[in-house]
Each structure stands twice: as C-alpha cells, then as structure tokens.
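To start, the structure itself, in structure tokens.
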Amino acid sequence: MHTVLIIDDSEINLTLIKALVLKLGDCDPVLFDNPVKAFEWCKANVPDLVIVDYMMPDMDGLQFIAAFRALHGRNEIPVLMITANDQKDVRYEALMGGANDFLNKPIDRAEFSARSRNMLSLRTGQKYLADRASHLEAEVAARTADIRDREKELIFRISRAAEFRDPETGAHIQRMAYYSQVVARNLGLDGKQQRLILEAAPMHDVGKIGIPDYILLKPGKLTHDEFEIMKGHARLGHELLAGSSSETISAGAEIAISHHEKYDGSGYPHQLAGKSIPLFGRIVAVADVFDALTSERPYKKAWSLEDAVVFLEEGRGKHFDPMCVEAFLAGWDDVIKIRQRFQDEIAPQL
Amino acid sequence: MLAYSLNRPVILERLGDDEEILLMMIDMYLQDVDNNCAALSSALAAGDQPTLLREVHTVKGLLATFADEDGAEMAAASESRLRAGDTNDVEAAIAAMQARLREVAEVLKREIGG
C-alpha cells in the first residue's frame, strides 16, 4: 500500500485528487488543506508520493518542498507539484528545489494517472533497492561473523595443538590471552585492539610445534644448545603465521616473534629494547610470564601470587615494559577473576 | 465573454469518464461558491494583496476545472495584473469574477436538477 500525501488549500481539488488517487489502486491518500500541518505530519511519517499545490497560504508549494527535502530520509521521495501551464518560472524553481514532476491544472485523469504511476514505480524501485541493500548488508554481516567465528576457533585449535606438545594447558592460553586484554584495556587501547590481542595472544607459542620432543618435553634443565633450539620457537611461530591477510593472524605473528624480547634488550630473538619491541609483544610478555609463574608444571610448583607480583615489579624496565606491569597490576581484580574462571584441567594425553 | 455552458464531454474526458467524480465536484463547487465569493470580497476590502492574488488564482483553477475557458482567462488576466501590482479597476474585475462564479453555479445546479 502506497501512502500518498495530498496538499491543496482548495477542498474541491483535494477531493478530486483523492478520488483519482483511490482509482490508482493500492494507495492510501492522506489529505491536508494546510501545508504547515502537512509538514508537521511529515516529520513523523514518510509518504511514498507527495502531491502538492503551488499557491497556498502560509507556505507555498516551493517552500513546502524545500522544508520537506530538508527532513532526514525524505530526499528521494517523489514529489509532484500542481501548477498551471503558464507558470514556467515556478516550474523551473520547483525543479531546482526538488520537485520530480508536475501536474497541470485543470487536472486531467489520464495525465494524473500516468505521472502518479511513474512516481510510485520510482518509489517502489527505491524501496526495493533499499530493502535489498539492507538485506545484503545483514547477510554480509552474518557471513563475516561466521568467518570470524571460524577464524577464532581455528586460531584457538592451532594454539591448543602447540600447547598439547607442551606441559602447558588450554587454560594457560585462555588466561594469558585475557590477562593481555586486561593490560591492553588499562593502557587505554580501544575496544578493537583489545579484542585483537585477546584473539591473537593464544598464538604466542605456536612455533613450539617445530621444536623436537626431546627438548620440549625434557624434564630437566636444557643445555645451552638445547635452549638455543628452544628459542627458535619464536621465529618458527612467526614464519608459520606471517603474511596472512587476517589481521588477527598477523598480530599473532608479531606476538610470536616478540614476546620473548626483554625491555632492556637482553631477550630474543632480536634483542630489541624498549619501545622497539612491538606493544603487543610487551603486553604478552607480562601476561605469559605471570601465568607461567603462577601455574603448576610437572617440573615446578606454582608460585604464590605475591611472589609473582614481586617478580613482575622487580622486572620493570629490565624484563618488562614498566607501563605494561602498571597496567597489569591496575587490573588485579580482573586478573583474579580470570584465574578463577579458567582453572587448569588435567593435561590431555596424545 | 460568452455565457457559460457546461461542456460535459470535455470535463468527463479529463476525469476519465468518471461520472461519479464529476457529480462529487459539482456538489463541492455548489457548497463552496459562496465562500469563494466572500473570500474575494473580504481580501479586496482588507486591501490584502497577497490573499487577493491567491483567491483569484483559486478561482482561475476552479473555473478551469469546469471547462470555463472564458472565465478562467478572465481570472488569469486579473491574476497577472495583481502580480504586477496593477490594481486599476480591481473592484470591477472581482465583481465580474464573482458574477461568473455564480453563473457557473446556476448552470451546475440545473445540471444536477437542483
């Protein structure tokens, strides 16, 4: 059903146009003999076609069209203006002001029907395109969300695959990822960056997939040579993840290669120092070490929270970016909640 | 100016041969004609040029709707003069328009057997 707004100060014209609109079929005419009241109606209602007389008291047709077009979302609505044939100057002005077409006085049914139908077809096309655009937009958003969910799941599973080869557990990667998000939030990073680090941090140790079992699973202390091989997991992780078109995987590559760098330049693999270490690497360094210290492993007992905090504090400016330690400790209540939420499970057996 | 006679075929052609609409319009014209004449007189008496111009414009459209070409032409001439600020003989022009509106009303009344 099309809503057709008719504005004319002459009752006889209103009645005539209403009768003609009803003859078009599938139309609901809304009548106003006062353009100011019609304009008020337009603020809350969107007609499919406007038929407006030119000469009216208080607000003429040109003024009405200008005001109507200025309302949000009314720019495309077809407007037919009723004028006499001899009013060429008015017609030019109306066209410039946003009228789409004209109806001649006296009104002729054949002309009226043809012009009105044309305008209503235009409106139908506009609505179809708008609906289609909005439908497509929703569909793209739904598909994108699907892809993102799958990407997140794959990232988590790849990260778990690496963790399966390690005494660490799935709960470790979840805790350290959420700790990283806490640090990012307290550093003032925006919501998008916070989500990005949450999703990318689990990939920090994915390069361990390429480390031989005799080193990765060795219960005792690693020899110098073994440790050198172990350090290679940072590069391996980067090689595995770098060059992806996914923003999350690319962030994972950056974290993989930078999370063992130390603020004073004594870390690996590139001995980067200070702000030369990517921010996500500096954040993950704090989150990963804290969780490693406070988790029980086959070769060590879990540290107390207090001891782990002392370790972080003592590592400010040496191992860790002082700002990241501050941000971590500022989110202490969240850290405790995360620890409670993601408890260690029994290590999976392959 | 020739006396008005209802050119039914021309009007009906414009209305898509819809007798129902024609009768409805005649009925409305007869209901409104006194108001139209009064509105002209009142704008003239008040010296309200914009309102008078608008009322003359309305009369022009009204007479054209009933295929009164002579009457509509007379109103159009008055409208042009008023638009140009020429008020010479405006009283006579308004009186002539009111007389024409009533003349048309009489013909329409006869048409519907009133």
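Where only protein heavy atoms count, and the probe is 1.4 Å, what is the accessible area per residue for the protein assembly as shown in Å²?
49
To one decimal place, what orientation-averaged projected area in nm² is obtained for the convex hull of the Cα set of the range A:186-252?
That works out to 5.9 nm².
Summarise the partner chain shielding of B:70-79 as one whole number: the mean count of Cβ atoms from other chains within 10 Å of each residue's Cβ.
So the per-residue partner count for this stretch is 1.
Just to verify a number: what accessible area does B:Asp86 come out at with the full protein assembly present, 1.4 Å probe, Å² rounded to tens?
Result for B:Asp86: roughly 60 Å² accessible.
Taking the alpha carbon gyration tensor of the range A:29-153, what are the square roots of 5 times its eigenvalues, largest first, to the nearest whole Å?
So the three semi-axes of the range A:29-153 are 39, 16, 12 Å.
As a quick test, which of the pairs A:Lys218/A:Lys275; A:Lys18/A:Lys127; A:Lys18/A:Lys105; A:Lys23/A:Lys88; A:Lys88/A:Lys127; A:Lys88/B:Lys109 have an alpha carbon distance above 26 angstrom in this structure?
A:Lys218/A:Lys275; A:Lys23/A:Lys88; A:Lys88/A:Lys127; A:Lys88/B:Lys109
Find the centroid of the Cα atoms in the range A:280-350 and in the range A:8-53, then give the distance between the two in whole Å.
What the calculation gives is 70 Å, centre to centre.
Note every residue of the range B:8-36 with a reduction of at least 30 square angstrom in accessible area, all protein chains present versus the isolated chain, computed with a 1.4 Å probe, or write none.
Listed in order, they are B:Arg14, B:Leu15, B:Asp18, B:Ile21, B:Met24, B:Met25, B:Met28.
Using a probe of 1.4 angstrom, how much of the accessible area of chain B is carbon and sulfur, in percent?
50
Can you tell me which of A:145-156, A:222-233, B:32-43, A:196-207 comes out highest on packing, and rank the rest after it, using the mean Cβ neighbours within 10 Å?
Per-residue mean Cβ counts within 10 Å order the peptides as A:196-207, B:32-43, A:222-233, A:145-156.
Sorted by packing (mean other beta-carbon atoms within 10 Å per residue), highest first, where do B:55-67, A:87-99 land?
B:55-67, A:87-99
Residues of A:106-116, mean number of Cβ from any other protein chain within 10 Å of their own Cβ, rounded to a whole number?
If you average over the peptide's residues, the count of other-chain Cβ atoms is 4.
³J(HN,Hα) across the range A:106-118 via Karplus (A = 6.51, B = -1.76, C = 1.60, θ = phi - 60°), whole Hz, x for Gly/Pro?
x, 5, 10, 4, 5, 5, 4, 4, 5, 5, 5, 4, 4
Could you tell me what a quarter of the Cα convex hull surface of the protein assembly as shown works out to, in nm² with one decimal place?
Spelled out: convex hull of the Cα atoms, projected over all directions, averaged, 34.2 nm².
Going by Cα centres, the range B:15-45 and the range A:129-146 are how many Å apart?
53
Ordered by packing density, taken as the mean number of other Cβ atoms within 10 Å over each peptide's residues, highest first, how do B:22-29, A:70-77 rank?
Those peptides, ordered most packed to least, come out B:22-29, A:70-77.
For a quick check: with amide H placed at 1.01 Å from N, whose amide H comes under 5 Å from A:Phe102's, ignoring anything fewer than 5 positions away on the same chain?
A:Met81
Amide H to amide H under 5 Å from A:His2: which residues, 5+ apart in sequence or cross-chain, H placed 1.01 Å off N in plane?
Under 5 Å from the amide H of A:His2 lie the amide H atoms of A:Cys27, A:Asp28, each far enough along the sequence or on another chain.
Work out the mean other chain Cβ neighbour count within 10 Å for the residues of A:5-16 and drop it here as an integer.
Whole-number average of other-chain Cβ neighbours for A:5-16 is 4.
Have a look at the range A:165-341 and give its Rg and Dmax from the Cα atoms, expressed in angstrom.
15.2, 43
Give me, ordered by chain and number, the residues 5 or more places off A:Phe320 or on other chains with an amide H under 5 Å from its own placed amide H.
Answer set, sorted by chain and number: A:Tyr263.
How are the Cα pair distances of the range A:63-216 distributed, in percent, across 10 Å bins from 0?
That works out to 9, 21, 17, 10, 10, 12, 11, 7, 3, 0, in percent per bin.
Can you pull out the buried accessible area for chains A and B, both sides counted, probe 1.4 Å, rounded to the nearest 100 Å²?
In total, this chain pair buries about 1800 Å².
Can you compute the radius of gyration and Dmax for the range B:17-111, using only the Cα atoms, both in Å?
For the range B:17-111, the Cα-based Rg and Dmax read 13.4, 42 Å.
Please report, in debye to the nearest 20, how large the charge dipole of the protein assembly as shown is about its Cα centre when each Lys and Arg carries +1 at its beta carbon and each Asp and Glu carries -1 there.
Roughly 2060 debye, rounded to the nearest 20.
Carbon and sulfur together cover what percent of the accessible area of chain A at a 1.4 Å probe radius?
The nonpolar share, carbon plus sulfur, comes to 54 percent.
Cα atoms only: what Rg and Dmax, in Å, come out for the range B:1-59?
For the range B:1-59, the Cα-based Rg and Dmax read 14.8, 42 Å.
The values are calculated or read from the model by the stated rules, or taken from the named source; none is laboratory data. Everything numeric here is computed off the predicted structure, so don't read it as measured data. Note that each Cβ is placed from the backbone with ideal geometry, even for glycine, and that neighbours are counted across all protein chains shown. Note: areas computed on protein heavy atoms with side chains; ligands, DNA, RNA excluded. Shrake-Rupley method; radii C 1.70, N 1.55, O 1.52, S 1.80 Å.
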